[in-house]
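J.: Before I ask anything, let me first share the structure, which is written out below as structure tokens.
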Amino acid sequence: MAPDRNDPLAGPFWQAAANSELRITWCEHCDRAVWYPKADCPQCQGELHWRALSGDATLLSWSEVLAPINPDHAPPYITGLVCPLEAPEVRLVTRIVDCEADRLRCDMPLRVCFRALQPREGQPFMAPLFSPC
Ligand SMILES: [Zn+2]
């Protein structure tokens with residue numbers, strides 16, 4: 001199923017992805033990223049804003065999925081935990097593409113790329129995925 005671009009919390013993330021932008025929520029008062037999106041900052045309860053990131057990141061961890069565990073995603077594919085350059089404390093759950101799993105290394109530099117994913121039902125949607133630089 002495609003993500004809901006009108007979702008009050010996560011919708012702006014998917015709208016940005018449709019425009020080839022990687023955006024996450026940020027508290028200007030604390031000057032820190034807040035991820036996943038929330039209604040307000042868990043630290044100061046301040047308002048959160050969506051901030052565009054460069055798309056540069058590093059790879060924290062990954063797993064190659066070989067079995068069909070989600071009908072919307074046909075294996076094989078690689079899931080990854082990715083840390084954006086501007087917010088290394090954030091863990092983006094994403095896919096690693098354009099690389100074999102045995103060539104991946106912890107802390108390797110990655111760059112965002114935007115690809116259309118086709119769910120089993122509904123329209124394809126753009127998602128921020130990552131590949132080695
Ligand atoms: Zn805050």
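The values are calculated or read from the model by the stated rules, or taken from the named source; none is laboratory data. Computed from a predicted structure; not experimentally measured. Cβ placement follows ideal geometry from the backbone for every residue including glycine, while neighbour counts extend to all protein chains displayed.
Rundown of residues vs (1) out of contact with any helix residue (DSSP H, G or I) (no Cβ under 8 Å at 6 or more places or on another chain); (2) surrounded by fewer than 19 Cβ atoms within 10 Å (Cβ to Cβ), yes/no style:
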site: A10; (1), (2): yes, yes
site: Q15; (1), (2): yes, yes
site: C27; (1), (2): yes, no
site: D31; (1), (2): yes, yes
site: P42; (1), (2): yes, yes
site: E47; (1), (2): yes, yes
site: W50; (1), (2): no, yes
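J.: Taking only pairs six or more apart or across chains, which ones have beta-carbon atoms under 6 Å, a first residue in the stretch 63-85 that is in contact (Cβ under 8 Å) with a residue 40 or more places away in the chain, and a second residue that is of a type in the set (G, A, S)?
T.: If the second residue must be of a type in the set (G, A, S), the pairs left are V82/A57; P84/A57.
J.: Restricting the stretch 28-46 to residues that are in a strand (DSSP E or B) and closer than 21 Å to W14 by Cβ, which is nearest to the ligand (Cβ to nearest atom)? Even if it seems obvious, please write down each step before you answer.
T.: Taking the stretch 28-46 and keeping what is in a strand (DSSP E or B), we get 32-34.
Right, trim to closer than 21 Å to W14 by Cβ and you get 33-34.
Numbers: A33: 10, V34: 7 Å.
Ranking the candidates gives V34 first.
J.: Let me ask something additional. Answer yes or no as to whether R111 is closer than 30 Å to C27 by Cβ and of a type in the set (D, E, K, R).
T.: Values: closer than 30 Å to C27 by Cβ: yes; of a type in the set (D, E, K, R): yes.
Considered against the rule, which asks whether it is closer than 30 Å to C27 by Cβ and of a type in the set (D, E, K, R), R111 comes out as yes.
J.: Please determine, by comparing only the residues of the stretch 2-27 that are in contact with a Gly (Cβ under 7 Å, 6 or more places away or on another chain) and assigned to a loop (DSSP other than H, G, I, E, B), which one is nearest to the ligand (Cβ to nearest atom).
T.: Step one: list which residues in the stretch 2-27 are in contact with a Gly (Cβ under 7 Å, 6 or more places away or on another chain), which gives 2, 4-5, 22, 27.
Now restrict to residues that are assigned to a loop (DSSP other than H, G, I, E, B): 2, 4-5, 22.
Working: A2: 31, D4: 26, R5: 26, L22: 21 Å.
Among those residues, the one meeting the criterion is L22.
J.: Can you spot a residue in the stretch 47-63 that is at pLDDT 95 or above, within 14 Å of P128 (Cβ to Cβ), in a loop (DSSP other than H, G, I, E, B) and not polar (S, T, N, Q)?
T.: Yes: one or more hits.
J.: Would you check which residues across the stretch 73-123 are surrounded by 13 or more Cβ atoms within 10 Å (Cβ to Cβ) and not in a strand (DSSP E or B) and list them?
T.: Correct list: L85, E86, A87, V90, R91, V97, C99, A101, L104, M108, Q118, P119.
J.: Next up: Counting just the residues of the stretch 124-133 that are of a type in the set (A, V, I, L, M, F, W, C) and surrounded by 12 or more Cβ atoms within 10 Å (Cβ to Cβ), which one comes out farthest from the chain's Cα centre (by Cα)?
T.: Within the stretch 124-133, the first condition is being of a type in the set (A, V, I, L, M, F, W, C), and the residues that meet it are 125-127, 129-130, 133.
Restricting the remaining residues to those that are surrounded by 12 or more Cβ atoms within 10 Å (Cβ to Cβ) gives 125-127, 129-130.
Working: F125: 13, M126: 11, A127: 8, L129: 7, F130: 8 Å.
The residue in question is F125.
J.: Here is a check on your reading of the model: is E121 of a type in the set (D, E, K, R) and touching a residue at least 60 places away in the same chain (Cβ under 8 Å)? Please lay out each step first, then the result.
T.: Details: of a type in the set (D, E, K, R): yes; touching a residue at least 60 places away in the same chain (Cβ under 8 Å): yes.
So E121 fits the description; yes.
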